[in-house]
1. Among (1) facing another protein chain (nearest Cβ under 7 Å); (2) open to solvent by 10 Å² or more (accessible area, probe 1.4 Å); (3) not in a helix (DSSP H, G or I), there is one condition A:Cys18 misses while meeting the rest; what is its number?
2. Condition (residue is more than 8 Å from chain A (Cβ to nearest Cβ), more than 16 Å from ligand 1 (Cβ to nearest atom) and of a type in the set (Lys, Arg)) applied to the range B:60-83: is it met by at least one residue?
3. Could you count how many residues in the range B:113-130 are buried (at least 24 other Cβ atoms within 10 Å of the Cβ) and over 19 Å from the mean Cα position of the chain (by Cα)?
4. Which of the residues spanning the range A:8-39 are at pLDDT 95 or above and aliphatic (A, V, I, L, M)?
5. Name the one entry in B:Phe121, B:Phe117 that is on the phi < 0 side of the Ramachandran plot, in contact (Cβ under 8 Å) with a residue 24 or more places away in the chain and more than 9 Å from ligand 2 (Cβ to nearest atom).
6. For the range B:31-43, state whether one or more residues are away from chain A (no Cβ under 14 Å), within 10 Å of ligand 1 (Cβ to nearest atom) and either closer than 27 Å to A:Asn105 by Cβ or of a type in the set (A, V, I, L, M) (or both).
7. If you scan the range A:26-52, which residues turn out to be facing another protein chain (nearest Cβ under 7 Å) and open to solvent by 10 Å² or more (accessible area, probe 1.4 Å)?
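The values are calculated or read from the model by the stated rules, or taken from the named source; none is laboratory data. Keep in mind the model is a prediction, meaning the values are calculated, not measured. Here the Cβ positions follow ideal geometry from the backbone for every residue, glycine too, while neighbour counts run over all protein chains shown. Accessible surface areas use protein heavy atoms only, side chains included; no ligands, DNA or RNA. Shrake-Rupley method; radii C 1.70, N 1.55, O 1.52, S 1.80 Å.
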Amino acid sequence: MPVELKPKKTTVAYYQGCSLEQMASEFDVSTRVVCDALGVELVEIPDWSCCGSTPAHSYDPLLSAALSGRNLAIAEQQGFDVVMTPCPGCLKALKGALKVFKDPNKREAFLEILQMPFQGNIQAVSNLQLYFETIGTEAIRNRVTKPLTSLSIVPYYGCLISRPPDFMQFDDPENPISMDRILEALGASVPEFPFKTECCGATYGVTRNEIVGKLTGRILDMANRVGAQAIAVSCPLCQQNLDLRQAQVNRYWRRDFHMPVLYISQFMGLAFGVEPESLGIDKLFVEADSLLDILSREGERDQSVGGKMA
Amino acid sequence: MERVHTLAIQATSDPRFIGEVERASGQQISHCYQCGNCSASCAYTYVYDYPANQIMRLVQLGQKDIVLTSKAIWLCAACQACTTRCPCNIDVAKVMESLRVLSRQEKKVSGRDIQLFYDEFLKLVKRFGRVFETGLLPLFGMKAKKPFTDMDLAPRVIRKGKLGLIPHKVKGRKHVEGIFERFEAYCSRREKDKG
Ligand code: SF4
Ligand code: SF4
């Protein structure tokens, strides 16, 4: 029986970052829907700006810190002590800003460039950290109305979600399990996936296409071998390489992969009974129709045998 | 990959280099004992001219030019696999990042197209406060004289309604621009203090 969530609401500042505003809009939409369903209120940081991403890091970590710091400072002014971002690249930048601020040799330069009041009394966390540590898999399980029982899904974490360990302070750097446990709570079977943290080729889709072709291809191939019907991700860049570029990968390897790659929040939403359109499933490049068919067939079967015990 | 340098360790050694890199990265390069874990963990070793462990060794040997002009430092994707697995707790990814910064400061960048991509990205941030990736692709293609990069993807991106034509301007974009300006001012002051 579905248990009502505790009425106490968690409120966190929300930093979606540039990718989620455009190419990864379905990650943003589904994250908001899922958090709402789990009783977490997300307050978008007003007038947020770009974190600077890899280009700012490679230019100078101080520039990266100041660009990200602007968003932390706004959130702090609004009275938040936690900011959540679903984008691992943004998370790295936000955490990097806090690290620079806490470094006595760099604080002065950081504040001089930032020109905003900032106390550093704010913490940056990922969506997974919020789901896994704050909300917990039990509460997620209790919210499921349409379990993904007939689906076999592998979680692909990518590089940054738990690495480097001292910096990210979340999950295991070699064998992360947070998404595994969430998928299991949704009812899916989760095969052992040895390539959980192998790099997908990152931003080299733009400058070195063939690198992404090679690296992403290995991940799709392994997912195929362990019998997955779909891949769950939690990074806009990983998703873009695995999904949008799957056609390029197929050309590179002369293969015919047809592997839907969904954000973890999209799987959560489906299991919570949210309509696929409200989760942006139609935005995927590799269509997920086959998965939706399996799920709706299962729904019908449940109904024909009287449904689950109410 | 073809090696462009012949090593003449003594003649080309700059003994101050290791200190420079240690300061910039905050890492003790001298602790590296060449176990090779970083290179074995790196998904890019197959495209590097010098694998990560050799970059570390070259830094120890003061081979500044070779390191700063290497392709490896610009092909590093900052994936953190090396850092996670270094038994000496060296943040190798941080070292690679610092080497990119130094190679830019010394005008020795080998991965010009990658640098160009990063520069175009930062220009958009400075101007609009946010970045529109899909707006960046054609721009990058034209500047790098590769106008057809990813053109096969464009129709699909448009079909999914994912191509934003007008970048969303941040109200505080003047403040973001100010961050860039104050950063540049800070850097030139730092340069002057050094020189
Ligand atoms: S893993 Fe660490 S100790 Fe081993 S070669 Fe790389 S940097 Fe050196
Ligand atoms: S951070 Fe760079 S050098 Fe280290 S493993 Fe990743 S790509 Fe290789």
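1. (3)
2. yes
3. Qualifying residue count for the region: 1.
4. A:Val12, A:Ala13, A:Val29, A:Val33, A:Val34, A:Ala37, A:Leu38
5. The match here is B:Phe117.
6. yes
7. A:Asp47
One line per residue, one yes/no per condition, for (1) more than 14 Å from ligand 2 (Cβ to nearest atom); (2) modelled with pLDDT of 90 or more; (3) open to solvent by less than 40 Å² (accessible area, probe 1.4 Å):
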site: B:Leu58; (1), (2), (3): no, yes, yes
site: B:Leu61; (1), (2), (3): yes, yes, no
site: B:Asn89; (1), (2), (3): yes, yes, no
site: B:Gly111; (1), (2), (3): no, no, yes
site: B:Pro138; (1), (2), (3): yes, no, no
site: B:Phe148; (1), (2), (3): yes, no, no
